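Data first, discussion second: the structure below is written as structure tokens.
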Amino acid sequence: SVSCCLFHTAVISNGLLYNFGHGNNGQLGQGNEDNQYEAKLVENLTNVTSVSCGLYNTAVISNGLLYTFGVGYHGRLGHGNQEKQLIPKLVESLTNVTSVSCGGFHTAVISNGLLYTFGDGDSGRLGHGNKENQSIPKLVEN
């Protein structure tokens, strides 16, 4: 599996995650903001089944749990704040995660068969019936 965005690329190989590209916002998960010109292993993630690259962030499913890293503007990492994360951090409120997709400023996740979104709510892109930002995963109700 592979995911690309404007500035970086993420690849899953044998259940491990490798990233390369522009790292100035921590979106490579290496604990720094350095660029990587060759694929480099992201430490401490095993059994990785899915990855999605956002504009300056990355979301990964590992062992059925969601980890995010990079820029947290507008709450797009789902940690309840807007802080930058330089290494993968668990999104604690989600379990049994089966799918993830990052947009430029938001993230959508399937957890326990239900859709959750978080990040920048501009233009109603989170599906919550308003334009408000959401910094923790919120259920999209139908």
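Some values worked out for this structure:
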quantity	calculated
Cut-off 15 Å, label 7 Å out along Cα→Cβ of Tyr37, residues of the range 2-23 by amide N	20-23
Only Lys, Arg (+1) and Asp, Glu (-1) charged, at Cβ; the range 29-102 dipole about Cα centre in debye	180 debye
Rel. contact order, % - alpha carbon contacts under 8 angstrom, at least six apart, the chain	17 percent
Carbon/sulfur fraction of accessible area - the range 44-142, other protein chains in place, 1.4 Å, %	47 percent
Label-to-label distance, nm, for residues given as His128 and Asn47 (7 Å Cα→Cβ offset)	3.0 nm
Overall form of the range 79-126 per C-alpha gyration tensor (a/c, 1.5; a/b vs b/c)	oblate
Separation of alpha-carbon centers, the range 84-133 and the range 1-58, rounded to whole Å	18 Å
Cα convex hull of the range 49-142, projected area averaged across orientations, nm²	5.1 nm²
Cysteines not pairable in the chain (beta carbon separation under 4.7 Å absent)	Cys4, Cys102
Amide N of the range 92-112 lying under 16 Å from the label point, which is placed 7 angstrom from the Cα of Asn81 along Cα→Cβ	92-93
Probe 1.4 Å, protein heavy atoms only - accessible area per residue of the chain in square angstrom	48 Å²
Within a Gaussian network of the chain (alpha carbon springs, distance under 10 Å), most fluctuating of Gly78, Gly21, Gly129	Gly129
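The values are calculated or read from the model by the stated rules, or taken from the named source; none is laboratory data. All values derive from a computational prediction rather than experimental measurement. With ideal geometry, Cβ positions are generated from the backbone for all residues, glycine too; neighbour counts draw on all protein chains shown. For accessibility, only protein heavy atoms count, side chains too; no ligands or nucleic acids. Shrake-Rupley method; radii C 1.70, N 1.55, O 1.52, S 1.80 Å.
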